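> Before anything else, here's the structure in question.
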Amino acid sequence: MTATTPPPQAEPEVRKAPPPPDSGAHPGTARRSLLRALPVSPAVVLLLLFLAGPIVYCVVIAFTDLQLTGQAEESFVGFDNFTRAFRDEAFLNAVWLTLVFTVLSSLIGQNTLGLALASLMQRASKPVRTLTGGIVVTAWVLPEVVAGFLLYAFFRREGTLNAVLDWLHLPSQNWLFTLPILAVSFANVWRGTAFSMLVYSAALNEIPKEVTEAAEVDGASGWRRMWHVTLPMIRRSIGTNLMLNTLQTLSVFGLIWVMTRGGPSGKSQTLPLFMYEQAFQNSLIGYGTAVALLLLLIGSLFSVVYLRLLRTEV
């Protein structure tokens, strides 16, 4: 009887121990990271020198009683400038007018009119688009001072608006005296709508035509297509446009200064004009700088709100 040979047994698998972790960064990796950072280092240095440096200096000044004239040296006053601001009725009035000016001219005026123009230009012929775009962009590229003089000539007592109202046998008035904040808000809408129009035109061009055509086939009206299709698809463009327009509007100075200089009796004095008056007309550099930091804080709050909205999923 033949004996069967047992099958060879498999050798046990020998697992290799993982290599020990690298105790430090490889010299080549560190060198590559340094080489990649070199091209952007000049920009970082310039930002630190001309942006972060002045901001830090302004923060320091805001806690002092620095003045332009009649003072040998400044002294540290803590939060006195900030508490003084919130007790100052003129400052609170400037805050209120700044919010009114921003809401009327930016959130409502430029945003709504820019979206309306962009939507209408999508359906207009090429000559109409070219003419409309040229007129609106021309108002945008004008220097702020020139735009201020043009709108001052439009709203003044003997200006163009009252001449048209007189020709139509309608009552006229001195708009820069009776309704100055509305006049400067209209001026900012007239000048800045082009930016919103360009942003929304680019966003509307990115919407697939199949989506709007499908909604039209389903029987959706123009307003329903705008509310349920167009606006949700350009939501991020709306948030970005609102943030940029708001920050630009908060810093408007020359337009209001040329038209009303914040008057009459502070009825159109926004925070930039109030800051200028305190710092350079009243020579209170410390107090004016504190107001500037509060304006920076307001802009930061708006930015945080818009950024949180942009992070929300569609």
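> Tell me the residue from SER106, SER119 that is over 17 Å from the mean Cα position of the chain (by Cα) and in a helix (DSSP H, G or I), please. It would help to see each step written out before you state the result.
Details: SER106 fails: over 17 Å from the mean Cα position of the chain (by Cα).
The conditions single out SER119.
> I'd like to check something: does segment 72-91 contain any residue that is of a type in the set (A, V, I, L, M), out of contact with any Pro (no Cβ under 9 Å at 6 or more places or on another chain), assigned to a helix (DSSP H, G or I) and free of Cβ contacts under 8 Å to residues at least 12 places away in the same chain? Break it down into steps so the answer makes sense when it comes.
Our first condition is that a residue be of a type in the set (A, V, I, L, M); within segment 72-91, this holds for 72, 77, 85, 90.
Subsequent filtering for residues that are out of contact with any Pro (no Cβ under 9 Å at 6 or more places or on another chain) retains 72, 77, 85, 90.
Those left that are additionally assigned to a helix (DSSP H, G or I): 85, 90.
With free of Cβ contacts under 8 Å to residues at least 12 places away in the same chain added as a condition, the list becomes none.
No; the residues of segment 72-91 include none that is of a type in the set (A, V, I, L, M), out of contact with any Pro (no Cβ under 9 Å at 6 or more places or on another chain), assigned to a helix (DSSP H, G or I) and free of Cβ contacts under 8 Å to residues at least 12 places away in the same chain.
> From SER125, SER201, SER196, grab the single residue that is loosely packed, with under 14 Cβ neighbours inside 10 Å and farther than 28 Å from GLY263 by Cα.
Values: SER201 fails: loosely packed, with under 14 Cβ neighbours inside 10 Å; SER196 fails: loosely packed, with under 14 Cβ neighbours inside 10 Å.
The unique qualifying residue is SER125.
> State all residues of segment 108-141 that are under 26 Å from ILE181 (Cβ atoms), among the hydrophobic types (A, V, I, L, M, F, W, C) and in contact with a helix residue (DSSP H, G or I) (Cβ under 7 Å, 6 or more places away or on another chain); if no residue qualifies, say none.
Hits for segment 108-141 are LEU113, LEU115, LEU117, VAL136, ALA139, TRP140.
> Follow-up question, since we're still on this one. Any residue in segment 213-233 that is among the charged types (D, E, K, R) and modelled with pLDDT of 70 or more sitting within a Cβ distance under 7 Å of a residue that is assigned to a helix (DSSP H, G or I) and open to solvent by 100 Å² or more (accessible area, probe 1.4 Å)? List the pairs, counting only those 6 or more apart or interchain.
Between residues of segment 213-233 that are among the charged types (D, E, K, R) and modelled with pLDDT of 70 or more and residues that are assigned to a helix (DSSP H, G or I) and open to solvent by 100 Å² or more (accessible area, probe 1.4 Å), the close pairs are ARG225/GLU216.
> Looking only at segment 268-314, which residues are exposed (fewer than 13 other Cβ atoms within 10 Å of the Cβ), more than 20 Å from the chain's Cα centre (by Cα), in contact (Cβ under 8 Å) with a residue 24 or more places away in the chain and part of a helix (DSSP H, G or I)?
Answer for segment 268-314, where residues must be exposed (fewer than 13 other Cβ atoms within 10 Å of the Cβ), more than 20 Å from the chain's Cα centre (by Cα), in contact (Cβ under 8 Å) with a residue 24 or more places away in the chain and part of a helix (DSSP H, G or I): just PHE280.
> Does ARG261 satisfy the condition of being in a helix (DSSP H, G or I) and either open to solvent by 60 Å² or more (accessible area, probe 1.4 Å) or among the charged types (D, E, K, R) (or both)?
In short, no.
The values are calculated or read from the model by the stated rules, or taken from the named source; none is laboratory data. Remember, predicted model here, so these are calculated numbers, not experimental data. Note that we place each Cβ from the backbone using ideal geometry, even for glycine, and neighbour counts take in every protein chain shown. Just so you know, the surface numbers come from the protein's heavy atoms only, side chains and all, with ligands and any DNA or RNA stripped out. Shrake-Rupley method; radii C 1.70, N 1.55, O 1.52, S 1.80 Å.
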